[in-house]
């Protein structure tokens, strides 16, 4: 089975560094790059042309709404699927199931759903959700049971500990049924993932830790008679030369002081998320020893929450590490980089052709067509000279 690649849509803005200053520095490229619809369209269109399958759009008060943003982007793209992150506690399961069916109708079936239970009570409180972590996972299980049954055309009655629906039904079922992606590292998370979802997502931990986690999810799924696919969420810094990639990774932390790193670490240390705790343990709040496994850099987590590691190296090294994770059972890679447009081209032009030649990845469609510059040999670099076609 071919590896599947997805990219990330930075709906909270973008930049050349992990955290950009409020005002650009004169004479230095960079600064805040707003997440306008035009900019996000550039990323989505580039992803389509390079052979990327889908694009993950996050959820939270710090970014724009994923449903609305991707519905707009779907009208500006042709093939790209959208992995819409959403929180089950924020809306009714019947409404969510209905929205998914409508989305599939108007996009030609390009919806994937990423279920985010919520690992930070302070953030959940902003939305008016006061359940504790265990309660959120219980409610998530009930929510997904209702949605799954509605999508089969069933009339649903469920009187759960947290959710209660009577005679719930849909006038339209989604076609196709959107796959459900799910992340979480706690025992409660693994049980929900195994019982209700299709693809389990892990953040980019060292291969040995990823292998151990996948084994636990497989065991949970087998216990309820199901099988799972697996994905991984990583950043990437890929260059023609390994030393250039490492220099680019180090530059992502330019302008971020040790005091600011300490403040981020202190804030993240209060999280209830087991996955976030595992990310923090990789760097411990220190800039020292950030290569936590070959070509796996934990520097992203010094300045940002969520996925905190990046694959860093030459295109060949990054391709090697991707194949290493694939050998553990990872089928899908959800990648990103800073800035997301430029890093997408580094990855798409440098790493994907290598994996294609190795037989690890199959391009979904033929490479984008269009006039090419030609080569010195064909004479196509001069104005007025028609390039000699390849034989």
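Please treat every number below as a calculation from the coordinates, not as lab data. Note that the structure is a prediction, hence the values are computed from the model and not measured. Cβ sites come from the backbone with ideal geometry, for glycine too, and all protein chains shown count toward neighbours.
For residue 164 and residue 227, the FRET efficiency from 1/(1 + (r/R0)^6), where r spans their Cβ atoms and R0 equals 30 Å, is about 0.45. Taking 0.36 nm per residue of separation and subtracting the current Cα-Cα distance, fully stretching the chain between residue 251 and residue 195 would add 15.9 nm. Extension gain for residue 175 to residue 216 (0.36 nm times residue separation, less C-alpha to C-alpha distance): 11.6 nm. Once the chain from residue 154 to residue 360 is taken as fully extended at 0.36 nm per residue, the excess over their C-alpha distance is 70.2 nm. Per residue, the average separation of C-alpha pairs within less than 8 Å and at least 6 apart gives segment 4-358 a relative contact order of 18 percent.
Residue order for 246, 297, fewest other beta carbons within 10 angstrom first, comes to 246, 297.
Counting other C-beta atoms within 10 Å, which of 336, 375, 238 has the fewest, and how do the rest follow?
375, 336, 238
Estimated purely from DSSP H runs of n ≥ 4, each contributing -39500 (n - 2.57), the mean residue ellipticity at 222 nm for the chain is -12000 deg cm²/dmol once divided by its residues. In square nanometres, what is the average projected area of the Cα convex hull of segment 4-358? Hull-based average projected area comes out at 17.5 nm². Working from Cα pairs under 8 Å separated by at least six residues, relative contact order for segment 193-273 is 29 percent. Within the chain, antiparallel bridges make up roughly 20 percent of the DSSP beta bridges whose residues both belong there. Computed over segment 313-368, relative contact order equals 43 percent, with contacts defined as Cα pairs under 8 Å that lie 6+ residues apart.
Treating r as the C-beta distance of residue 19 and residue 105 and R0 as 45 Å, the FRET efficiency rounds to 0.70.
Under 17 Å from a point 7 Å along the Cα-to-Cβ line of residue 281: which residues of segment 309-333 have their amide N that close? Within reach of a label on residue 281, which here means backbone N under 17 Å from a point 7 Å along Cα→Cβ, segment 309-333 contributes 309. Going by neighbour counts of Cβ atoms within 10 Å, the residues 277, 81, 362, 191 line up, fewest first, as 362, 277, 191, 81.
Angle of helix 207-223 to the longest C-alpha principal axis of the chain, folded into 0 to 90 degrees and rounded to 10: 30°. On C-alpha positions alone, give me the angle between the axis of helix 133-151 and the longest principal axis of the chain, in degrees, nearest 10. Value to nearest ten degrees: 90.
Per residue, the convex hull spanned by the Cα atoms of segment 156-223 measures out at 120 cubic angstrom.
Against the chain, whose longest principal axis is taken from its Cα atoms, helix 242-251 shows a tilt of about 60°. Within the listed set 57, 11, 94, the Gaussian network model of the chain (springs between alpha-carbon atoms below 10 Å) gives the highest mean-square fluctuation for 94. Put the Cα centre of segment 204-232 next to the Cα centre of segment 297-376 and the gap is 23 Å. Mind running the shape call on segment 67-177? Use the C-alpha gyration tensor, a ≥ b ≥ c as the square roots of the eigenvalues: rounded below 1.5 for a/c, prolate if a/b tops b/c, oblate otherwise. Oblate shape, in that a/c is at least 1.5 and b/c is the bigger or equal ratio. Diffusion of segment 271-331 by Stokes-Einstein, at 25 °C in a medium of 0.890 mPa s and with Rh set to the Kirkwood radius over alpha-carbon pairs, works out to 199 µm²/s. DSSP finds beta bridges in segment 54-205, and of those with both partners inside it, around 15 percent are antiparallel. Scoring 30-37, 222-229, 44-51 by mean Cβ neighbours within 10 Å over their residues and listing the highest first yields 44-51, 30-37, 222-229. Take the Cβ atoms of residue 270 and residue 90, set R0 to 25 Å, and the FRET efficiency comes out at 0.70.
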